[in-house]
């Protein structure tokens, strides 16, 4: 995920410096990485950066479709309960310390906030990021996005 954020910031910087081809190559890397991850069926913040990259490349319709898919995924996450369980593919999760239901909800609210923000639903995005911070006041990315 950090590669993606770095690539996106590099693309923004190159755009500002007047190097659209350099920026384009980073945007294309992000889109390609997200397409590979999408094969697994899950949505992550990577989809958000891919949508921003599509917009930067002038592919507005594809960007909006990606954001709506992210929004739909987040809505389903918020509507269903995740029991978690012993087996997990979430490498950062300490199985016995984290509550998988809370982690499930946090991810849903955060992804919904990202989608709402770029679809122009700013008050809803603020509410989504605030919901994340209510449950986890140390969620640095929700803090960052809320300040935006």
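The values are calculated or read from the model by the stated rules, or taken from the named source; none is laboratory data. From a predicted model like this one, the values you see are computed outputs, not experimental measurements. FYI the Cβ positions are ideal-geometry reconstructions off the backbone, even for glycines, and counts take in every protein chain you see.
Worth pointing out:
- Taking segment 125-145 as the range and being under 15 Å from residue 48 (Cβ atoms) and surrounded by fewer than 18 Cβ atoms within 10 Å (Cβ to Cβ) as the test, the residues that pass are 141, 144.
- Residue in segment 124-132 that is in a loop (DSSP other than H, G, I, E, B), closer than 20 Å to residue 46 by Cα and modelled with pLDDT of 85 or more present: no
- Restricting 9, 77 to those that are at pLDDT below 95 and assigned by TED's automatic domain parsing to the domain that holds residue 115 reduces the list to 77.
- Residue 29 vs. criteria at negative phi, more than 13 Å from the chain's Cα centre (by Cα), without any contact (Cβ under 8 Å) to a residue 40 or more places away in the chain and surrounded by 17 or more Cβ atoms within 10 Å (Cβ to Cβ): yes
- Test: residue in segment 48-68 that is touching a residue at least 24 places away in the same chain (Cβ under 8 Å), crowded, with 18+ Cβ neighbours inside 10 Å and not in a helix (DSSP H, G or I): no
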